[in-house]
Structures are given as structure tokens and as C-alpha cells.
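Notes for the one structure printed next.
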Amino acid sequence: MHGNGRLAFLLLGGLSLLAGLDGALLLLGFPAPVVTARLADVHGPLMVFGFVGTVVVLERAVAVRRNWAYLSPGLLGLGGLSLVSPLPLVVGQLAFVAGSAVLLAIYRAIWLRQPSTSAAVQALGALLGLTATVLWLGGVPVPVLVPAMTLYLVLTIAGERLELARISPSVDHRAEMRMLAAGLFLTLGAVVALVWPRVGYPVLGLGLLGLVAWLFRHDVATRLIRSTGLPRYMAACLLAGYGWLLSVAASWIIVGPSFSGPGYDAVLHAVFLGFVMSMIMAHAPTILPAVLRRPLPYRPVLYLPVLLLHVSLLVRILLGDARDLPALVQWGGVANIVAVLLFVLLAVISVVRGVPLRQPNTKLKVTP
């Protein structure tokens, strides 16, 4: 599929993002540009599957080089639009289930081409994503599905980081098996959390702690942070995201399950903004060119939305949620939205302007 066709899938994901941010304003208690009967209720699935799912799965579809693979991002993107349309809720839910099922077929094709631990870890994430969509279709409330939705994205990203970490001298077969073991342990924890939350959440926290320890030990970001230009920018985003995952692991171990209130808000946004959005900001300059065949040149101004995102999250979670100060949660949330929109705006401008005449050195230099 050509770049223009792939752009259509990105636009579907982008529309889900805008609708999800609109829903976020409603949940924060502010007026929003668009108001629908269920927009606030579908905010979580809309962001996880309609936006992030579409964008991440599109990259996997490009990698597998099969036309049928584009059904997955297409169904996820259309599912997101269905959720904010007058169509019955079940239409969007079924689209998410179907798109997630095709994603598993994508990983099967990847595995048949070249079996790898990274593909296995990502497939575990896809399986949990499918599980979450099926259970949501069956009537399970979204807060109960947060562990499965979280690991859908966390394991997908961790598996991709394992692919890149193979250039590190510290990553051998034993290191790969430890990553797989963490993924299996987390999958077990997600299942237990569904039926026995008091036991499952500490299990999830321990598994997540092990996964983050692996990433800090082996990810090339720990060395690229001493580089310059794009490599340092990517590394800063990655390491900041891993830090937010540590906070989630600590919460699941110490506090346990939380399905509403400040604790729920803190965990949800530490994962999906602090970690996932930081990963998107990190990988956009390398993933988008591969998908669209158009460069997204690195410019230092990209640090601005990253800094705003993490500072506003600290205000929202450490001051607003932790001290039960709703006003700080609200304004921290608004700044979160501004940070995401600012990043999208700067990315679009950077693509349109093209490569600077004197492009900074962006070669990935890795030292042992």
C-alpha cells in the first residue's frame, strides 16, 4: 500500500485522538467542542484501541507487507469513529474485536517468517488486547479491564524495544528469556486480576517491576541518553516513560486494585500518558517516515511538548491525585491535552517543512 493509503489510516487514528481528548475535557469537568451522549464513557477504549491501537498496528501491518494486514488498523480506526457516532455501541465494540483478531494473525505471519522472542512478547500483548475487547463487548466495565488494556500496549512496546536492544552486548538468549518470562508472568497476573483483584494486582506490580528493570538494564536508551540530537531526544522520552511505569508497579503492589477516584486516575494516566504517549513521542521521528515515506525531521522544539506532558502529569498525579486536590487534577489534565496537541502540531509542521538545510546528526551511535 502506498503512502497516501497509509495516511488515511493515520487520519482515522488522529480522529480518534481528537475525540478522545474531547472526552477527556468532559471528564475533567470542562466544556468541550463536541458533546455526545457516550463520549466520556468510551474515552478509555477510544484512546487505547481507536488511537494508539490504530497507529501501532499500522506499523506492524507495514512491516508484514501483506494487504490483508491493513484490515487491523482499518477496523480499529473505524471502530473508534463508530464509538463517537450515533451508531449502536456494539458496532464499535465488534470492530475492535475484529481488528484485534486480525492483529493476532499479523503476529502469526511474522512468526512464520522469522520466529523471535520479541514477536512472542508482542503477541502476548495482542492476545490481552483481544481479551479486553471481547470482555468489553460482553459487558465487563472498562475499569476492570485496565490491566489487560495496559499490557496490550506495554508488551507491544516492550517487544519492539527488545528488537532494537539486540544490538546491545548485554542482550543474549538468557536476557531474551527473562523478557519472555516477565511477559508470561504479567499475562498470568492480568488473568488473575480479572477474577481475584486483591491477588492479581500485586502480581501485576511485581511483573511490571521486573519488566521495567529489564528495560533499564538492557535498552539502548540508557546509553543513547549520552548522545546528541535525535538519539538523545528518543532516549529521554523512553526513560521518562519507564519511570512512569515504575510508579504504576509500585501502586499495584502497595495500594492494590483501584476502580475509581484519585488512585484510578493516577494509574490510568501514568500508563497511557506518562508511558504510552511518551513512547509515541519518542518513536514518531523514526516510525512515521517508515509508514508514510515522508521524513519527520528531528528539531529541538520537540522537547517542548515532552516537557509539558511530564511536568503537567507530575502536577496532576503527585499534587492533584495524591493530595486530593481536584483543581490541580483539572488543570494538570488540561495541560496534558495541550501537550499532546502541541506535539501533533509540531510533528505536522516538521513534516511539511521537511529536512533542515543543516540537519543535526541523528545517527544512532551505541557504545558498549
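The values are calculated or read from the model by the stated rules, or taken from the named source; none is laboratory data. Remember, it's a predicted structure, so these values are computed and weren't measured experimentally. Here the Cβ is made from the backbone with ideal geometry for all residues, glycine too, and neighbour counts use every protein chain on show. For the accessible areas, the whole protein counts, side chains as well, though only heavy atoms, and no ligand, DNA or RNA atoms are used. Shrake-Rupley method; radii C 1.70, N 1.55, O 1.52, S 1.80 Å.
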| Does segment 42-90 hold any residues that are surrounded by 15 or more Cβ atoms within 10 Å (Cβ to Cβ) and either touching a strand residue (DSSP E or B) at 6+ places or on another chain (Cβ under 6 Å) or free of Cβ contacts under 8 Å to residues at least 24 places away in the same chain (or both), and which are they? | H43, S82
| task | Look through A236, A190 and report the one residue that is modelled with pLDDT of 95 or more, of a type outside the set (S, T, N, Q) and farther than 17 Å from T286 by Cβ. | result | A190
| task | Answer yes or no as to whether L17 is of a type in the set (A, V, I, L, M, F, W, C), open to solvent by 30 Å² or more (accessible area, probe 1.4 Å) and part of a helix (DSSP H, G or I). | result | no
| request: Being of a type in the set (S, T, N, Q) and more than 30 Å from L304 (Cα to Cα) narrows it down to one of T187, T228, T222, so name that one. | output: T187
| message | On the basis of being on the phi < 0 side of the Ramachandran plot, at pLDDT 90 or above and open to solvent by less than 30 Å² (accessible area, probe 1.4 Å), does L11 make the cut? | response | no
| task | Could you check, for segment 261-274, whether at least one of its residues is closer than 25 Å to M149 by Cα, touching a residue at least 40 places away in the same chain (Cβ under 8 Å) and of a type in the set (S, T, Y)? | result | yes
| task | Kindly indicate whether L11 is hydrophobic (A, V, I, L, M, F, W, C) and over 19 Å from L94 (Cα atoms). | result | yes
| query | Picking from V340, V276, which residue would you name as being within 30 Å of V199 (Cβ to Cβ), open to solvent by less than 40 Å² (accessible area, probe 1.4 Å) and among the β-branched types (V, I, T)? | reply | V276
| said: Please determine whether any residue of segment 263-273 is surrounded by fewer than 21 Cβ atoms within 10 Å (Cβ to Cβ) and more than 19 Å from the chain's Cα centre (by Cα). | reply: yes
| message | Any residue that is β-branched (V, I, T), open to solvent by less than 40 Å² (accessible area, probe 1.4 Å), under 21 Å from the mean Cα position of the chain (by Cα) and under 22 Å from A101 (Cβ atoms) - is there at least one of those in segment 190-203? | response | no
| query | So, in segment 100-119, of the ones that are polar (S, T, N, Q) and assigned to a loop (DSSP other than H, G, I, E, B), which residue ends up most open to solvent (accessible area, probe 1.4 Å)? | reply | Q114
| remark: Within segment 221-230, the residues that are out of contact with any Ser or Thr (no Cβ under 7 Å at 6 or more places or on another chain) and either closer than 19 Å to L153 by Cα or open to solvent by less than 30 Å² (accessible area, probe 1.4 Å) (or both) are A221, L224, S227
| remark: Output for Cβ contacts, cut-off 9 Å, separation at least six or different chains, first residue touching a residue at least 12 places away in the same chain (Cβ under 8 Å) in segment 198-213, second surrounded by fewer than 20 Cβ atoms within 10 Å (Cβ to Cβ) and of a type in the set (K, R), reads G210/R178
